[in-house]
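Reading through the structure tokens given below for one structure.
Derivation of every value follows stated rules applied to the coordinates shown; laboratory data play no part. Note that the structure is predicted; figures quoted are calculated from it, not measured. Every residue, glycine among them, receives a Cβ derived from its backbone with ideal geometry; neighbour counts consider all protein chains shown.
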Amino acid sequence: TLTHRIANIIAHGTPSEAILAVTFTNKAAREMRERLAELLDRNANDRFFMPWMGTFHGICVKILRLKGEAIGVANNFVIYDEDDRRNLIKKIMKDLKIDEKSLKPQSVSSAISNAKNQLLTAEEFSNGANWGFEQKVAEIFLRYEEERNKANALDFDDLLFETVKLLQQNKEVREFWQNKFKHILIDEYQDTNAAQYAIIKMIVNAERNICVVGDDWQSIYSWRGADFTNILNFERDYKGAKVIKLEQNYRSTENILNAAHNVISKNRNRTDKKLFTELGKGEPVLV
């Protein structure tokens, strides 16, 4: 769906470099790039003739490398992966004499990640820490940020966090990206978190040429910060938005769809749609 829309936008005269397409996995981005190259008869590896396509994190790396110095982010920053972060947390816990049996490093890492995805600094998290676990995490979080900054490193969550900060604090940078991207397209919009939502809101230009694909019924990543209300609020955020419901299911039978609908109908806060299929009733659903 998004790939054909991008091809159509380019066919109608929009330069490739003025299009931003965001997915949630590198695999999805690669497949989208390959499908688009086939549609346009171009080389998928020729970035000059292809739109900006990638994950939120990948796009943020580019933005920060190009413009991050405006908020003190050196363009040669290194990127900490999950192992790097966990190893640094373990080192800090050892320095603070915190036993890993009483506080798991992975739990600390998850808490720090959730805080950053909610756009909380270590200081803000520390100020709101009211009980034992949070207070321990806050102590580690503060040290973690100190050590990370000394290493000129950003972890995956910082890529989003610092991009939000950059766009919020620098009007010139914000307007640069608004002017650059004439069209923005996002896949799996129901999986966006607070930081990703904020980034998109700030780089959409005045024409509001934004197209998102998503399904609040398939929101399963709230445990890592995804907020399905982002897609529910899309029409409020972008007045006059056109909603196209894709209600035909090509994979499941009627019995499966009916069971799924009976479950999701208990949710009060959701979009209203009626799925249908041409695959027949199928076997009864067993639980």
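Sorted by mean Cβ packing within 10 Å, highest first, what order do the peptides 190-201, 218-229 take?
Going from most to least packed, we get 190-201, 218-229.
Per residue of the chain, what 222 nm ellipticity follows from adding -39500 (n - 2.57) for every DSSP H run with n ≥ 4, rounded to the nearest 500?
-15000 deg cm²/dmol
Taking 0.36 nm per residue of sequence separation and subtracting the Cα-Cα distance, how much length would be gained by fully extending the chain between Glu235 and Ile79, in nm to one decimal?
Here the answer is 52.6 nm.
How big is the chain in terms of Cα radius of gyration and Dmax, in angstroms?
For the chain, the Cα-based Rg and Dmax read 21.6, 63 Å.
Go ahead and set up a Gaussian network model of the chain, Cα springs under 10 Å, then flag whichever of Lys101, Lys245, Lys182 fluctuates most.
Result for the chain, Cα springs under 10 Å: Lys101 fluctuates most.
Return the sequence-ordered ³J(HN,Hα) values of the range 98-110 in whole Hz as given by the Karplus equation 6.51 cos²θ - 1.76 cosθ + 1.60 applied to θ = phi - 60°, using x for Gly and Pro.
Each residue of the range 98-110 in turn: 9, 6, 5, 6, 8, 8, 6, x, 5, 5, 5, 4, 5 Hz.
For Lys101, give me every one of the lysines with a C-alpha distance below 18 angstrom, ignoring sequence neighbours fewer than eight places off in its own chain.
Lys90, Lys91, Lys136
When Phe133, Phe161 are ordered from fewest to most other Cβ atoms inside 10 Å of their Cβ, what list results?
Placing the least packed residue first, the sequence is Phe133, Phe161.
Taking only Cα atoms and a 10 Å spring cutoff, compute GNM fluctuations for the chain and point out the largest among Leu103, Leu20, Leu159.
Fluctuation is largest for Leu103.
How big, on average over all directions, is the shadow cast by the Cα convex hull of the range 183-287, in nm²?
Taking the Cα atoms of the range 183-287, their convex hull projects to 7.9 nm² on average.
With the chain treated as a Gaussian network of Cα nodes joined by springs under 10 Å, which of Asp187, Asp81, Asp216 yields the largest mean-square fluctuation?
Highest fluctuation among the options: Asp81.
Within a Cβ distance under 12 Å of Phe56, other residues only, what is the Lys/Arg minus Asp/Glu net charge?
-3
Given a Förster radius of 45 Å and the C-beta distance between Phe176 and Glu145 as r, what FRET efficiency does 1/(1 + (r/R0)^6) yield to the nearest 0.05?
0.95
With a point put 7 Å past each Cα toward its Cβ, work out how far Asp95 is from Glu69 in nm, to one decimal.
2.9 nm
Which entries in the list Lys62/Lys182; Lys67/Lys201; Lys116/Lys150; Lys62/Lys242 go over 28 Å, if you measure between the two C-alpha atoms of each?
From Lys62/Lys182; Lys67/Lys201; Lys116/Lys150; Lys62/Lys242, over 28 Å: Lys62/Lys242.
For the range 227-243 and the range 156-172, what is the separation of their Cα centres, given in Å?
Using only Cα atoms, the two centres lie 23 Å from each other.
Once you wrap a convex hull around the alpha carbon atoms of the range 64-189, what is its projected area averaged over all directions, in nm²?
Spelled out: convex hull of the Cα atoms, projected over all directions, averaged, 9.1 nm².
Between Arg42 and Thr121, what is 0.36 nm times their sequence separation minus the Cα-Cα distance? Round to one decimal in nm.
That pair, Arg42 and Thr121, stretches by 24.1 nm at full extension.
Dipole magnitude of the range 245-287 about its Cα centre, charges +1 at Lys/Arg Cβ and -1 at Asp/Glu Cβ only, in debye to the nearest 20?
Here the size comes out at about 280 debye.
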